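Notes follow the structure.
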Amino acid sequence: MFKRSILRLLIGALCVLLAGFAFAGGPAFWEISKQEDVARGDAQGISIADNGAMVLAPAFELVYDTKEAFVWSSTVDASGNIYLGTGHEGRIYKIGKDGAGRLLYDSPELDVTALTTDPQGNIYAGTSPDGKIYKISPDGKTEVFYDPADKYIWSLAFDSSKSLLYAGTGGKGIVYRIDREGKGAVLSDTNETNIVSLAVEKNGDILAGSDPSGLVFRISPSGKTFALFDSPTQEIHSLTTLPDGSIYALGINAQAGSSRQNSVGLSSSTRISSDGVITLSSDDQEGSTPSVTVQSTDLSAMLGQGKTQGRSSADGAKSALFHIFPDGGSEVVWNSRDTVGFGLRALPDGRVLVGTGSKGRIYSIAKNRSPTLLVQSPEDQTSTILAVGEELYATSSNAGKLYRLSNKPVESGTYTSPVRDAKFNAQWGTIAWRGSGTELQTRSGNTESPDATWSDWSPSYRAASGEQITSPRARFLQWRAILRNSSGGNKRTTTGNAILQSVVIAYLPRNQQPEVGSITIMPPGVAMAEQPVPVDPSISSSGLDPQLFGVALTVPPRRFYQKGARTLVWQASDPNDDPLVFKLFYRPLGDNEWHLLADNLTQAYYTIDANKIPDGSYQFKVLASDAPGNPESLALIHENVTDIVEIDNTPPVISAARPVVKGLTAEIDFDTSDTTSRIVKGEFSIDGGAWLLVFPIDGIADSQKETFKIKAVFQTAGEHVVAFRCSDSSGNVAASKITVKAAGGQ
């Protein structure tokens, strides 16, 4: 009933057309309901469920602004204090549980790329590109705890049970084990370039994620290294372990731009890829100045494909989340071709959060479900996700800030749709939606991106069953939804009761003139006929498009030979995709008046019957009309005219001159002429033998009159038959013969 009501409202609105405007007869409907379509818009305070439904997002509250460009690393101590490692000033900030923050340490290096803590509250910071590990005690004392030969400290992990610190480095892909006194040794040389991520398993084994092979290593306390998982991605950016012994590994594929690729032997620089991935490379030159490039990209489509077995499902993806089981099996639980995942956090309820480099969006991935866009950050990139007790926090880059992810929804949220291109100036119909606690607005303009030339946002539409859009006619349209929580946000739920499930907008693009393009004249004798397509009578009677049932209606015409036939084939198109009907006209060369040859043609070809038009030179005109898709008063036409076409169904005339006979040789002249076409070919045969090609006396067959001289040589004296035939450019053939009496001798 609801759908029928919307349909009646849409049809009623579309019937209102202003005089003087020609619009296509068929309305267009723009519907946004699927998650991949919704995700192309901008969601502020809005979560997007796996089925595309929009609800109020958990509150995303700014806790602390470091005033730095990037937050590369973060950690939490036993007291619930949060520590942020930043770039490119190499500073560490401490934020207390009350949200108050301060600068804890300003290192001499550019970036603090790794942080971890021990149970005693000591902070360990790995820096780049000078590769030192600093220890900061609870009383603020700072010292260089370990200084390996490597220049990059990408990852740190602390094993509380053994009071050992592990460091993953860049350049040679080494994992170091460092005791409580700061004495370190190589635990594993992985033969990879970079160890990007580390995690400690319950039994004391170390997990290491590498670059550029995208491997997950399991390293025993004795240093035995086992390649646990070979991913189809280039870099394992983040690792986390689960209570059941399984592992989540977040991978970045090669086309995303590696954060650690080729880190040795390059000029000293710090680079940020278009997805926000840091690239630090080194040399031994002193005093070199690092260059920094920062860009951000929008998410054009979120590919939430659910759980898929095998590594092939991550091929071509920029980022993928892998679930590695205790028995060594694995599956892909999420992948995206459009965005890079950075932050990773497994939740007690079984969900996994992934923070991305596209509008800082955080996705919630549940078992056997497509991902939910949980929240969108005001910043470009969500780099890490933290848990302090039951509270969740997220850090951002560009700018470097700390946000709290609340368990209560925001009071209101705004979703702004992508821009709809109607291709032409359009009249807007109604806007209807499914949902509650929602009001919508629209705006329109004639530039691809909304700017000052666009109309203001319309007054709010509040009737979900459909309201007439008040935005002015234009080529582009955009809508905005405002969701409000009528409960006032008092419920301790992650979403409010406002919901928007789908939006449908109807519009009529201004009717555009069809176009008849090139017209091809097929060679004489080539005819075309439509091939019938068998359609089940029940489908025909249903009124539905047979193509919905797999019936192919675009079957090429059948070609066959028909004497004297001339076939015209033309290209025709309509910008509105309206169905077209054609008329075909002709006129003799020199005349001004066109004569109708065929009407109501639906195919873009026509075969002229040999007996329908007298021989002569003609021009043909094809007229296309979009009348089948438009009211008569609004239909538009376009026409195109052919070059001159010869219609000739009469064969040439042949006359033979008296032969000149000398012994067993005879010379014969054959004069040929045609009133319409050129003579193009001559052949002769002696006594029924093979046909032999002969050229005209002037050497080329190119005119309506030609003379051919034949020299016939006979094998014996007596009477012989010499036959001659010629063809004109229209394919007509004439034949003649003459009897010659040859004498013996020469």
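Quick notes on this structure:
- Cubic angstrom per residue, convex hull over Cα atoms of the range 39-190: 166 Å³
- Estimated FRET transfer efficiency when R0 is 30 angstrom, pair Ala185-Asp106 (beta carbons, to 0.05): 0.50
- Here each label is just a point 7 Å from Cα along the line to Cβ, and for Asp349 and Asn51 those points are 1.7 nm apart.
- D (Stokes-Einstein, µm²/s), Kirkwood Cα radius, the range 151-207, 0.692 mPa s at 37 °C: 293 µm²/s
- Projected label distance in nm at Trp691 and Asn407, using a 7 Å step from Cα toward the beta-carbon: 9.5 nm
- Listed values for the range 129-145 are Karplus-derived 3J(HN,Hα) couplings in whole Hz (6.51 cos²θ - 1.76 cosθ + 1.60, θ = phi - 60°), namely x, 9, x, 10, 10, 9, 10, 10, 7, x, 7, x, 5, 10, 8, 6, 7, and x replaces Gly and Pro.
- Equivalent-ellipsoid semi-axes for the range 367-447 (Cα gyration tensor, √(5λ), whole Å, largest first): 35, 18, 13.
- Our estimate of slack between Glu639 and Asp327, defined as 0.36 nm per intervening residue step minus the Cα-Cα distance, is 105.2 nm.
- Neighbour cut-off at most 12 other Cβ (10 Å), DSSP loop, chymotrypsin sites (Phe, Trp or Tyr not before Pro), the range 325-426: none
- Cross-link pairs beyond the 22 Å C-alpha cut-off, checked among Lys67/Lys94; Lys162/Lys202; Lys132/Lys183; Lys711/Lys741; Lys224/Lys367; Lys709/Lys737: Lys224/Lys367
- For Glu201 and Val388, the difference between the fully extended length at 0.36 nm per residue and the C-alpha to C-alpha distance is 65.3 nm.
- Förster radius 35 Å - calculated FRET efficiency between Asp244 and Glu143, Cβ distance, rounded to 0.05: 0.35
- Computed over Cα pairs, the Kirkwood radius of the range 525-652 leads via Stokes-Einstein (0.890 mPa s, 25 °C) to a diffusion coefficient of 146 µm² per second.
- Distance between modelled label sites at Gln547 and Phe226, nm, 7 Å Cα→Cβ extension: 5.6 nm
- Taking amide H as placed 1.01 Å from N in the peptide plane, the amide H of Asp615 sits under 5 Å from that of Asn649, each at least 5 places away or on another chain.
- Computed from the C-beta positions of Gln704 and Glu593 and an R0 of 25 Å, the FRET efficiency is 0.40 to the nearest 0.05.
- For the chain, the relative contact order comes to 10 percent (Cα pairs under 8 Å, sequence separation of at least 6).
- Gyration tensor over alpha-carbon atoms, the range 617-705, equivalent ellipsoid semi-axes in Å: 51, 12, 10
- Helix-only CD estimate at 222 nm, as mean residue ellipticity for the chain, using -39500 (n - 2.57) per DSSP H run (n ≥ 4): -1000 deg cm²/dmol
- Counting other Cβ atoms within 10 Å as a rough exposure proxy, the listed residues Ser222, Ser727, Ser33, Ser155 run Ser222, Ser33, Ser727, Ser155 from fewest neighbours to most.
- Length-normalised contact order of the range 515-647 in % [C-alpha pairs under 8 Å, at least 6 apart]: 29 percent
- Degrees, to the nearest 10: 2-14 long Cα axis against longest axis of the chain: 60 degrees
- Cα gyration tensor, the range 653-742 - rounded (a/c under 1.5), prolate or oblate: prolate
- Inter-part distance, the range 559-595 to the range 640-654, computed on C-alpha centroids, equals 16 Å.
- Protection proxy ranking, peptides 95-105, 231-241, average beta carbon neighbours within 10 Å, highest first: 231-241, 95-105
- Across the range 530-599, C-alpha contacts under 8 Å between residues 6 or more apart give a mean separation that, scaled by the residue count, equals a relative contact order of 20 percent.
- Alpha carbon convex hull of the chain, volume per residue in cubic angstrom: 292 Å³
- Full-extension gain in nm, Ala78 to Glu448, via 0.36 nm per residue minus C-alpha separation: 128.0 nm
Laboratory data are not the source of any read-out in this text; all were calculated from the coordinates shown. Quick caveat, the model's predicted, so the values are computed rather than measured. Methodologically, a virtual Cβ is constructed for each residue, glycine included, from the backbone with ideal geometry; neighbour enumeration extends over all protein chains shown.
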